[in-house]
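Asker: Shown below is the structure under consideration.
Just so it is clear, none of the values below were taken in a lab; they were calculated from the coordinates. Predicted model, so just to flag it, every value in this text is computed and none were measured. Because the Cβ atoms are built from the backbone with ideal geometry, glycine has one as well, and the counts that use them run over all protein chains shown.
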Amino acid sequence: MPALRELQAAFCAAMIAGDELPLAGLLVENGKPATERLAIYRNNIFHNLLAALRDVYPVVERLVGEEFFTAAGERYIATHPSAHGDIHCFGAFFGAFLDAFPPARTLPYLGDTARLEWLVHEAFHAAEHAPLSLADLAAIPADRHGELAFILHPSCRLLTSPFPLQRIWEVNQPDWPAEPAVDLAAGGVRLLVHRRDFVIRIEAPSGGEYAFLAALASGDALASAYEQAIEIEPDFDPGASLQRQLANKVLVGLRATLPAMSAKR
Amino acid sequence: MPNRTPSACRPRTLSPRAGIGLRAPHYQDILAQRPDIGWLEVHSENYFGAGGQPLDYLERIGRLYPLSLHGVGLSLGRADALESEHLRRLKRLVTRFDPVLVSEHLSWGAIGGQHLNDLLPLPYTEEALALVCSHVRQTQDFLGRRILIENISSYLQYTHSTIAEWDFVAAVAEMTGCGILLDVNNIYVAACNHGFDPQRYLAAIPVDAVEEIHLAGHTRYGDLLIDTHGARIAPAVWVLYREALARFGRIATLIEWDTDLPTLAVLLAEAALAAAELETSHARAA
């Protein structure tokens, strides 16, 4: 009689790798071979995990079709076993997996498309955060604004790609009215994914604004973020960008990094 | 937390009525129609996210109906430790929504960092019993409240099991003080698949421990029944349900439906059938 831990490890191996030998003699056959009984569980597990992938990656599935998606999913499940009891966490590495999946070699944008969909999934479940208003900023002396460090909404994600990902995503939405035509030569994108009022938005800020937001997201103060933005876009207007992203509920708070300022107040 | 309603405003008592499993495609219909239904149950893990629309819907719907949290991923029967992050997320949800019931399955689904995300049967041994009891106690201590454990459907049994499943369920309840969520469809499915008398199962379950009953549909594949949660409740399961009510009295009863989710109206019609059974059993007992 195996210890429970050994039995469960052997069961896992039988489900994922198909090695049923260690379970020999441990299952009651009772008119039905053990291998058929195990197949029911393997099938259930595969379908649960595939359904979870399908929920997160509808655009990838539209691009490759159901049969290809199922085959890719089967391989992914076998090579990247689930690591969470919460099935919504399953599938985080599907983009990297598709990059290296030989049958997907002719679709070089597939991995980035999957990465975008994972960020959309993360944004959907991210924490709430109350917005920040211009009035909140007005309370801070203008000569200290350069020192301000901002909190981005917890749903904000930044992504760059050499492919026209925003377009790929848009034309593969179920409500897209025309043929899903994409000019792959249209060039790359810098994307901001975020959730605003429960709606997921995929936006393409200018190069300067993307660098500005990326710097703020990493905790840099406004003055430093501005310098990084004008390196990319010399006529970048930080005031306009701040106003836009406050209204867009992307910049939602101030990091408490100004001890000198609070002492002054 | 946004939109926080003081828990005192929430419906908090569970009367022995019929309820349904709340699934995302029905959120708007529930809010618009506000059907006359006793309570709603959700899968806990569907609300493990930090924020967003699912939690907002649950917040709004939870102001109208008593809620029950039903976990599918804790894996009480795993031979190694329960995951503390999973318990923390569950507790966050319990604290926020103050549900009338919190339940988990009497099964395992993970070992050593690898999850199968399924409800797998345990061998019913003294070792497994001690382990499940320790995990139930740990969960109850951590959450600061009693949980219910639910019997599962199964398609295999282990040759080294030494305890009947019904005695195992009863022992866990007796040793830990947890309640029992009796899934009548699961008893029927397991009884058909393994060839035991479902009456024997019912007779072994302590009357005072049962706080909730589940009903769902199953599907026949060859000579096995599979617990698909994708069909109407089978006539034989309704018969067994009547027998359960005769033994356990009026117990809050949930209609579960997960695959090929029908319209809300179909779910409510199934719940109305359960409600009628609850009324009849009450009249019979009176």
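Asker: Once the Cα atoms of helix A:110-125 and of chain A are each reduced to a long axis, what angle between those two axes, in degrees from 0 to 90 to the nearest 10, is obtained?
Answerer: Orientation of helix A:110-125: about 70 degrees from the principal axis.
Asker: Could you tell me the ratio Rg/Rh of the range A:1-125? Both radii from Cα atoms, Rh via Kirkwood.
Answerer: With Rh from the inverse mean 1/r over Cα pairs, Rg/Rh is 1.06.
Asker: A further question on this structure: Within the range A:1-82, which GluC sites (Glu not before Pro) sit in a loop by DSSP and count at most 16 neighbouring Cβ atoms inside 10 Å?
Answerer: Here the GluC sites (Glu not before Pro) that fit, given the DSSP loop and packing criteria, are A:GLU29.
Asker: Okay, next question. So how tilted is helix A:238-247 from the main axis of chain A? Cα-based, degrees 0 to 90, rounded to 10.
Answerer: With both axes taken from Cα atoms, the answer is about 50 degrees.
Asker: Hey, another quick one. Between the range B:258-285 and the range B:92-141, how many Å separate their Cα centres?
Answerer: Here the answer is 28 Å between Cα centres.
Asker: Quantify how strongly other chains surround peptide B:121-134 by giving the mean number of their Cβ atoms within 10 Å of each of its Cβ atoms. Don't jump to the answer; show the numbers that get you there.
Answerer: Details: counts 2, 3, 7, 0, 4, 0, 5, 2, 0, 1, 2, 1, 0, 0.
Per residue, the average neighbour count from other chains is 2.
Asker: If you project the alpha carbons of chain B onto their three principal axes, what span does each projection cover, largest first, in Å?
Answerer: Each principal axis gives a Cα extent; for chain B these are 52, 44, 38 Å.
Asker: From the Cα trace of the range A:108-201, what convex hull volume per residue do you get, rounded to a whole Å³?
Answerer: Output value, Cα hull per residue: 142 Å³.
Asker: Give, as a single signed number, the net charge of other residues whose beta carbon lies under 15 Å from the beta carbon of A:LEU98, with Lys and Arg counted +1 and Asp and Glu -1. Provide the component values of the computation, followed by the final result.
Answerer: On the way: positive: A:ARG54, A:ARG62, A:ARG75, A:ARG105, A:ARG115; negative: A:GLU61, A:GLU74, A:ASP99, A:ASP112, A:GLU117.
Net of charged neighbours comes to 0.
Asker: Just to be sure I understand the curve: with the Debye formula and one point per C-alpha of the protein assembly as shown, what is log10 I(q)/I(0) at q = 0.09, 0.12 Å⁻¹?
Answerer: -0.77, -1.21
Asker: Moving on. Can you pull the mean other chain C-beta count within 10 Å for peptide A:242-252?
Answerer: 0
Asker: I'd like the antiparallel share, as a percent to the nearest 5, of DSSP beta bridges with both residues in chain B.
Answerer: 20 percent
Asker: Let me ask you something else. If you average the C-alpha positions of the range B:165-222 and of the range B:15-87 separately, how far apart do those two centres end up, in angstrom?
Answerer: Using only Cα atoms, the two centres lie 22 Å from each other.
Asker: Taking H as built 1.01 Å from N, whose amide H comes closer than 5 Å to the amide H of B:HIS214, not counting residues under 5 places away?
Answerer: B:LEU182, B:ASP183, B:VAL184, B:LEU254
Asker: Rounded to the nearest 5, what % of the DSSP beta bridges within the protein assembly as shown are antiparallel ones?
Answerer: For the protein assembly as shown, the DSSP antiparallel bridge percentage is about 45.
Asker: Can you say what percent of the DSSP beta bridges in the range B:151-286, counting only those with both residues inside, are antiparallel? Round to 5. All intermediate terms of the calculation are to be shown ahead of the outcome.
Answerer: Numbers: 3 of 11 bridges.
For the range B:151-286, the DSSP antiparallel bridge percentage is about 25.
Asker: What is the Cα convex hull volume of the range A:126-265 when expressed per residue in Å³?
Answerer: 125 Å³
Asker: Can you tell me which of B:95-108, B:228-241 comes out highest on packing, and rank the rest after it, using the mean Cβ neighbours within 10 Å?
Answerer: Packing proxy ranking, top to bottom: B:95-108, B:228-241.
Asker: Same structure again: For helix A:34-56, report the angle its Cα long axis makes with the longest principal axis of the Cα atoms of chain A; keep it between 0 and 90° and round to the nearest 10°.
Answerer: 20 degrees
Asker: Going by Cα centres, the range A:205-237 and the range A:116-144 are how many Å apart?
Answerer: With the range A:205-237 and the range A:116-144 each reduced to a Cα centre, they are spaced 16 Å.
Asker: Hey, got the average number of other protein chain Cβ atoms within 10 angstrom for residues in A:85-95?
Answerer: 6
Asker: Rank B:ILE205, B:ALA50, B:ILE147 by how far each Cα sits towards the positive end of the charge dipole of the range B:14-285 (+1 on Lys, Arg Cβ; -1 on Asp, Glu Cβ) and give me just the farthest.
Answerer: The residue sitting most towards the positive pole is B:ALA50.
Asker: Same structure again: Show me the three semi-axes of the equivalent ellipsoid for chain A, from the C-alpha gyration tensor (sqrt of 5 times each eigenvalue), largest first, rounded to whole Å.
Answerer: Whole-Å semi-axes of the equivalent ellipsoid: 47, 24, 14.
Asker: Counting alpha carbon pairs within less than 8 Å and at least 6 residues apart, what relative contact order, in whole percent, applies to chain A?
Answerer: 16 percent
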